[in-house]
Amino acid sequence: MTHPITDFKVIHDGGSVSLLIAKNDRAREFIKDRVSEEAVWFGSGLAVETKYLDGVLSDLIDNQFIIELA
């Protein structure tokens, strides 16, 4: 179930790439300001190599975002 105030959804199935989906304008702006134009997107999700996921999640948490893991 999705929490109504969730800012990001992370889809990770154990593979080498996870998807980070911004769920509101604040979250989308945060990602836009930090991701290069060369980033890989899959639909509305930013593809993140799993080896970088912990760092990305730490940055989101440090910036007071609420994350849903799926």
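The values are calculated or read from the model by the stated rules, or taken from the named source; none is laboratory data. Note that the structure is predicted; figures quoted are calculated from it, not measured. Every residue, glycine as well, gets a Cβ built from its backbone with ideal geometry; the counts of neighbours run over all protein chains shown. Calculation scope for accessible area: heavy atoms of the full protein, side chains included, ligands and nucleic acids excluded. Shrake-Rupley method; radii C 1.70, N 1.55, O 1.52, S 1.80 Å.
Per-residue answers, yes or no, for (1) over 14 Å from residue 7 (Cβ atoms); (2) over 11 Å from the mean Cα position of the chain (by Cα):
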{"site": "25", "(1), (2)": "no, yes"}
{"site": "28", "(1), (2)": "no, no"}
{"site": "38", "(1), (2)": "yes, yes"}
{"site": "43", "(1), (2)": "yes, yes"}
{"site": "56", "(1), (2)": "no, no"}
{"site": "60", "(1), (2)": "no, no"}
{"site": "64", "(1), (2)": "no, yes"}
Sort out which residues of the range 8-67 are open to solvent by 90 Å² or more (accessible area, probe 1.4 Å), assigned to a helix (DSSP H, G or I) and not charged (D, E, K, R), and write them in order of number. 52, 61
Could you tell me whether any residue of the range 25-38 is in contact with a Phe, Trp or Tyr (Cβ under 6 Å, 6 or more places away or on another chain) and not aromatic (Phe, Trp, Tyr)? yes
